[in-house]
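Just so you know, all these numbers are worked out from the coordinates, no wet-lab data involved. All values reported here derive from a predicted model rather than from experimental measurement. Positions of Cβ are backbone-derived with ideal geometry, glycine not excepted, and every protein chain shown enters the neighbour counts.
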Amino acid sequence: MTKVTMTVNGKPMTGEVEGRTLLVSFLRETLGLTGTHVGCDTSQCGACVVHVDGAAVKACTMLALEAEGAEVATIEGQAEADGTLNAIQAAFQEHHGLQCGFCTPGMVMSAAALLKDNPKPTEQEVRHYLEGNLCRCTGYHNIVKAIMAASGQDVSAIAAE
Amino acid sequence: MPKDIDAKESGIGAATKRREDIRFLSGTGNYTDDINVNGQAYVHFLRSDVAHGRISSLETTAAAAMPGVLRIFTGADFEGVGGLPCGWQVTDRFGEVMQEPAHPVLAQGKVRHVGDPIAAVVAETPEQARDAAEAIELEIEELPAVIDMKAALQDGAPKVHDDLTSNLCYDWGFVEENKDAVNKAFDAAAHVTTLELVNNRLIANPMEPRVAVGDFNRATGDSTLYTTSQNPHVIRLLMGAFVLGIPEHKLRVVAPDVGGGFGSKIFHYAEEAFCTFAAKALNRAVKWTSSRSEAFMSDAHGRDHVTKIELALDADNNFTALRTDTLANMGAYLSTFAPSVPTWLHGTLMAGNYKTPLIYVNVKAVFTNTVPVDAYRGAGRPEATYQLERVIDKAARELGVDPIALRRQNFITEFPYATPVAVEYDTGDYVATMDKLEEIADLAGFAARRAESEKAGKLRGLGVNCYIEACGIAPSNLVGQLGARAGLYESATVRVNATGGIVVMTGSHSHGQGHETSFPQVISSMIGIPEDMVEIEHGDTNNAPMGMGTYGSRSLAVGGSAMVRATEKIIAKAKKIAAHLMEAADADIELKDGKFSVAGTDKSVAWGDVTLAAYVPHNYPLEEIEPGLEETAFYDPANFTYPSGAYACEVEVDPDTGKVTIERFAAADDFGNIVNPMIVDGQVHGGIGQGIGQALLEGCVYDENGQLLSASFMDYAMPRADDVPFYQVDHSCQTPCTHNPLGVKGCGEAGAIGSPPAVVNAVVDALQSAGKPVTHIDMPLSPARVWAAMQG
């Protein structure tokens, strides 16, 4: 077992891990941050997307030890301290961008990464960016709509809710 | 229901934002894998890597000595324990019951599909369990496997089950008495259109893999199972009564937040029974978390029908008869509801939206060395709709008539309508939904859009189809006659607290459908109190008295109706209390906007005054009624509900590559009354997404030896955000259900039922527009298949 230390959602965190422990396991099992989900074992589904030093990363494809000293952000740290949802989270609720909620943390984290680099994405840019995030419930309609709305674009002309 | 309620800001009809979203968006949901019980151990299943074989040697001694291993279980540990039960017994067309093989929790001597569990290693950590499983010395004498259904039915084919007479589960005919009349109608037909097709095998793939945590309390002797289920009460019933012999009062099943189901989490699985069994054996909680790879080879698959359908028409293009033959894959064992899917959920829908007077359906269910096949979103109804709407399209093209006009000509227009396949549609308006579709899909503008596509070197096609489904499953006395081994009612307990807040304990389960938001809307409208005064408890057998769960678009139609009935009892009792408080007659009490008043007077008491009196009965009619305000109702539907609709898809096909893109998709649905239009639209979107997935992308592939080739998201093409467009959906055509109190029909499966034929019809239209003599391509319509079809 090896000691690993990183900053998670602004707080310093330390734990003992094996060399093979994935970042997602460290977050879920060691730190109890179960908002980050595991939906596959081939790095396809994106339910485990978190930010490491500002970049979107699939936490199932990174070892915990690789995040030594890094700044990690997860879904648990996205809302304000009083629970107020951030703009992306609020848009997902407003536009019904989630159903079962399992892919949602990864979708929100991916959307945040997209909007940081591309503050006003087109529909096609959103769809292309989400290639690494699978959702089985929504048919993606309201996810794409929510992300465009979160970017400040008028989505009222998009086909019915 | 009161008719004067038209509260669009809240209550029935309002697009109330979902309260459950807050926890899902902030990472504080409570999914089964988030549950950890103190001292829990972990199980890893050793699964068969061959499709068919005899276990010749299974040596676990060395593996059991590895670090952290608590115990290794094999089939020998389950001798005398019940197998996994099948919940539906189909009777064949000769009056014989289906062949029903044993389905052991762990393999007993033989393995019958890749993924069949052989041994289970329980260890202190998941890694130790996995490492030890690899150290088990297993030898399997491989036997010839049967994968193809036609081959499985040939004389001399290897048998999946040695103790059955063949691989034929049943040979079902419906309606058998009509067979001769149907054949005569075909002899007399002016035109017969024939189509052979495959309804491709799919894997549901909810984003949350299955998880089970078994726990045992030695002090009380109680077992608890936390599981990813759409129907925890059903799991309690099946596992308790048939597998492990635990009575209901000693077994609690909890399905907390569940990350999607789509049918695949209805069924009782071996892993659930194992974890419950092992927790007692070891006096330790035992947890299993499926990997996605495991899910592909252990979750029940869906569809997998091979069908020949024939449509007879007279000289005026009226449908005169329909005949269909289907081979339906059961896989290696009978999953919980598998036998019902190709029969009663499929044959009864073959009339579709049309007044075809004579119909005969034959279905042969076949055992193969593949993962068991059971209900997947729509379950039988997509298979019926696909073949019917494809053969109608083909007929229109053969006859040179407009596919929409041919449909309209044959629509059922008078209701109630008794079909020749045993069901009676209570309401519908297929002309209205088709009119609405033509409007929202802008079908008038298609020719111009096609011209634009052609300028860009693309072939553009338009596909239209209708669908009908039977939802609100189901009248218990009817399904009992058809072979169901359970009732299909729903229960609800409505508990009103002293300060007026309400908790509803429902047997319906929400795993994406938003019941925690929509069910309170109903009670809010009934009583006239804010929605946030109502909470929904679901997913725990210790709450609702009984439950058949959520599938078959039944939650609101059946579970919601139970809640309405219980709430009506609450209101009736509350009125008696109010009458006492105001010294008036019960019959003069009116409830509106959360206030009880005496008709014709200005006397009133608030909802909270009455609920408080119920629990602080100082001034209370104790001689007439008990204190307290809690009621339970069971609701058993009188009929299925019959949602219907019309869908349109426009595709572009790249003639150089065969790649199909969905350019436009429109859906006009009739779901009867709507409680939350935002949630309804979301359900339709999701169904369309899955239907497009089936039509263009998804296909479960086995090789001839029974190896599952599509066993990961690398190999099984799930629809992604850039595979689909925005959808135009409309549910303004509403013919309310006549036999449930809310007038609702159900919306969960429509999109998945209605969309595949629209996509395929559109691609065939595109290719024919370029003069290609293509009449059919089997799903998924991959570029390779479309390109090959274009080459003739």
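What the table below lists for this structure:
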quantity: Meets criteria (at the interface with chain B (Cβ under 9 Å from one of its Cβ atoms), under 26 Å from residue B:35 (Cα atoms), in contact with a Lys or Arg (Cβ under 9 Å, 6 or more places away or on another chain) and hydroxyl-bearing (Ser, Thr, Tyr)) for residue A:104; calculated: no
quantity: Residue selected from the stretch B:241-292 under the condition among the basic types (Lys, Arg) and over 15 Å from residue B:72 (Cα atoms), by the criterion nearest to the other protein chains (Cβ to nearest Cβ); calculated: B:292
quantity: Verdict on residue B:206 being within 12 Å of chain A (Cβ to nearest Cβ), under 28 Å from residue B:752 (Cα atoms) and in contact with a Lys or Arg (Cβ under 6 Å, 6 or more places away or on another chain); calculated: yes
quantity: When residues of the stretch B:334-358 are limited to those that are hydrophobic (A, V, I, L, M, F, W, C) and farther than 19 Å from residue B:478 by Cβ, the one surrounded by the most Cβ atoms within 10 Å (Cβ to Cβ); calculated: B:334
quantity: Some residue of the stretch B:721-729 being away from chain A (no Cβ under 14 Å), touching a helix residue (DSSP H, G or I) at 6+ places or on another chain (Cβ under 9 Å) and under 30 Å from residue B:299 (Cα atoms); calculated: no
quantity: Matching residues, the stretch B:78-91, being in a loop (DSSP other than H, G, I, E, B) and over 24 Å from the mean Cα position of the chain (by Cα); calculated: B:79, B:80, B:81, B:82
quantity: Residue match in the stretch B:363-382 (condition: part of a helix (DSSP H, G or I) and surrounded by 22 or more Cβ atoms within 10 Å (Cβ to Cβ)); calculated: yes
quantity: Extreme residue, nearest to residue B:25 (Cα to Cα), among residues of the stretch A:5-30 that are in a loop (DSSP other than H, G, I, E, B) and within 12 Å of chain B (Cβ to nearest Cβ); calculated: A:9
quantity: Enumeration of residues in the stretch A:35-67 that are among the β-branched types (Val, Ile, Thr), in a loop (DSSP other than H, G, I, E, B) and buried (at least 17 other Cβ atoms within 10 Å of the Cβ); calculated: A:36, A:38
quantity: All positions within the stretch B:677-686 that are more than 7 Å from chain A (Cβ to nearest Cβ) and surrounded by fewer than 24 Cβ atoms within 10 Å (Cβ to Cβ); calculated: B:677
quantity: The lone exception for residue B:44 - which of (1) part of a loop (DSSP other than H, G, I, E, B); (2) within 14 Å of chain A (Cβ to nearest Cβ) it fails; calculated: (1)
quantity: Test: residue in the stretch B:570-580 that is closer than 21 Å to residue B:237 by Cα and either touching a residue at least 12 places away in the same chain (Cβ under 8 Å) or within 14 Å of another protein chain (Cβ to nearest Cβ) (or both); calculated: no
quantity: Test: residue in the stretch B:543-554 that is surrounded by 21 or more Cβ atoms within 10 Å (Cβ to Cβ), closer than 21 Å to residue B:743 by Cβ, more than 23 Å from the chain's Cα centre (by Cα) and of a type outside the set (Ser, Thr, Tyr); calculated: no
quantity: Verdict on residue B:219 being over 30 Å from residue B:704 (Cβ atoms), part of a loop (DSSP other than H, G, I, E, B) and free of Cβ contacts under 8 Å to residues at least 12 places away in the same chain; calculated: yes
quantity: Whichever residue in the stretch A:73-87 is β-branched (Val, Ile, Thr) and under 11 Å from the mean Cα position of the chain (by Cα) and, among such residues, is surrounded by the most Cβ atoms within 10 Å (Cβ to Cβ); calculated: A:75
quantity: Filtered residue count, the stretch A:50-96, keeping only those that are free of Cβ contacts under 8 Å to residues at least 60 places away in the same chain and away from every other protein chain (no Cβ under 13 Å); calculated: 9
quantity: Among (1) within 10 Å of chain A (Cβ to nearest Cβ); (2) surrounded by fewer than 23 Cβ atoms within 10 Å (Cβ to Cβ), the one test that residue B:689 misses; calculated: (2)
quantity: Among the residues listed as B:666, B:646, B:638, B:633, the single one being part of a strand (DSSP E or B) and farther than 30 Å from residue B:445 by Cβ; calculated: B:633
quantity: Selected residue (criterion: nearest to residue A:135 (Cα to Cα)) from residues of the stretch B:230-283 that are outside any helix (DSSP H, G or I) and of a type in the set (Val, Ile, Thr); calculated: B:258
quantity: Some residue of the stretch B:441-458 being among the hydrophobic types (A, V, I, L, M, F, W, C) and assigned to a strand (DSSP E or B); calculated: no
quantity: Hey, residue B:635 among the hydroxyl-bearing types (Ser, Thr, Tyr), in contact (Cβ under 8 Å) with a residue 40 or more places away in the chain and more than 30 Å from residue B:479 (Cα to Cα) or not; calculated: no
quantity: All positions within the stretch B:269-306 that are surrounded by 23 or more Cβ atoms within 10 Å (Cβ to Cβ) and within 23 Å of residue B:388 (Cα to Cα); calculated: B:301, B:302, B:303, B:304, B:305
quantity: Among residues of the stretch B:649-663, those that are outside any loop (DSSP other than H, G, I, E, B) and not hydrophobic (A, V, I, L, M, F, W, C), counted; calculated: 4
quantity: Test: residue in the stretch B:297-307 that is within 16 Å of residue B:113 (Cβ to Cβ) and among the aliphatic types (A, V, I, L, M); calculated: yes
quantity: Residue B:155 being farther than 27 Å from residue A:21 by Cβ, among the charged types (D, E, K, R) and surrounded by 24 or more Cβ atoms within 10 Å (Cβ to Cβ); calculated: no
quantity: Only listed residue being surrounded by 24 or more Cβ atoms within 10 Å (Cβ to Cβ) and either in contact with a Leu (Cβ under 7 Å, 6 or more places away or on another chain) or without any contact (Cβ under 8 Å) to a residue 40 or more places away in the chain (or both), chosen from B:266, B:246, B:235; calculated: B:235
quantity: Matching residues in the stretch B:10-26 - criterion: being among the acidic types (Asp, Glu) and free of Cβ contacts under 8 Å to residues at least 12 places away in the same chain; calculated: B:21
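Conditions (1) among the charged types (D, E, K, R); (2) closer than 23 Å to residue B:443 by Cα; (3) touching a Leu at 6+ places or on another chain (Cβ under 7 Å), marked per residue:
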residue	(1), (2), (3)
B:392	no, yes, yes
B:402	yes, yes, no
B:411	no, yes, no
B:424	yes, no, no
